[in-house]
Amino acid sequence: GTGCSLPIGALARKTDEGYSLIARVVSPDGETCLDTRVDWREGAPEDAGLRAAKILIDQGAIELLGAGVLDR
């Protein structure tokens, strides 16, 4: 729900152990970058995405992107 104007990205890959999701949030000025990696072997991929989102939020992603990010 963020649209294409926010600097947010994710990449999922199959690994020998299961799957890996790398997610990144970058400040609009490009100065600050938050990253996380979530590995999973079973369950829905959406669960890994939600877990990555929570980690990035805990790292300060909402404050990094601006207070209005949840209103989009």
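Kindly provide the set of residues from region 3-27 that are under 15 Å from the mean Cα position of the chain (by Cα) and of a type outside the set (Gly, Ala, Ser), ordered by number. Matches in region 3-27: CYS4, LEU6, PRO7, ILE8, LEU11, ARG13, LEU21, ILE22, ARG24, VAL25, VAL26.
Within region 37-53, the set of residues being touching a residue at least 12 places away in the same chain (Cβ under 8 Å) and not small (Gly, Ala, Ser) comprises ARG37, VAL38, ASP39, TRP40, ARG41, GLU42, PRO45, ARG51.
Which of the residues belonging to region 28-45 are of a type in the set (D, E, K, R) and within 16 Å of the chain's Cα centre (by Cα)? Hits for region 28-45 are ASP35, ARG37, ASP39.
Rule-based calculations on the coordinates, nothing more; no lab input. Everything quoted here is computed from the prediction, not taken from an experiment. Backbone-built Cβ (ideal geometry, glycine too); neighbour counts: all protein chains shown.
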